[in-house]
């Protein structure tokens, strides 16, 4: 399943921090994560907490859509086979211990959620060269 999307955009800040500062504090992509958050919110997706959460190397969105919980990891990345700066969104299901033991398969609903994300990216001005990857495919590129 292709649940990782990479794309180009000049709409988001790629400025590195000043010298003598940790380049991952804060990590690149807060504006990209906010764009995805706002676009998904406008399409009925809810988030708890209601904002992107800073992670070590990117931003995390905890989304609820159609009774399912998702985790989106938004970050900047270079890709081995494709030149340039890439914004990446990795989509996965979020589940607790009981759901992991007795619930539906981990990929349930991911394809539908990715279709929603694809529609947002394809219609966004300033977003180009959209590429979808399976998890293993992306691991080889990253």
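In plain terms, the residue of 53, 48, 88 with the fewest other Cβ atoms within 10 Å comes first and the most crowded comes last, giving 48, 53, 88. The GNM of the chain, with springs linking C-alpha atoms under 10 angstrom apart, assigns the highest mean-square fluctuation among 34, 80, 131 to 80.
Dividing the alpha-carbon radius of gyration of the chain by the rule-of-thumb value 2.2 N^0.38 Å gives 1.05. The calculated 222 nm mean residue ellipticity attributable to helices in the chain amounts to -8000 deg cm²/dmol, summing -39500 (n - 2.57) over DSSP H runs of n ≥ 4 and dividing by all residues.
Once both axes come from the Cα atoms, what is the angle between helix 110-123 and the longest principal axis of the chain, in degrees from 0 to 90, rounded to 10? Once rounded, the angle reads 40 degrees.
Length gained on full extension, residue 48 to residue 13, computed as 0.36 nm times the residue gap minus the Cα-Cα distance: 10.1 nm. Rounded to the nearest 10 degrees, what's the angle between the helix 30-41 long axis and the longest principal axis of the chain, both from Cα atoms, 0 to 90? Relative to the chain, helix 30-41 is tipped by roughly 30 degrees. GNM remark for the chain: springs join alpha carbons under 10 Å apart, and the peak mean-square fluctuation among 16, 59, 132 falls on 16. Mean-square fluctuations from a GNM of the chain, with a 10 angstrom spring cutoff on Cα atoms, peak among 125, 69, 46 at 125.
Since every read-out is calculated from the coordinates, none of them should be taken as a lab result. For clarity, every value in this text was computed on a predicted model and none was experimentally measured. Because the Cβ atoms are built from the backbone with ideal geometry, glycine has one as well, and the counts that use them run over all protein chains shown.
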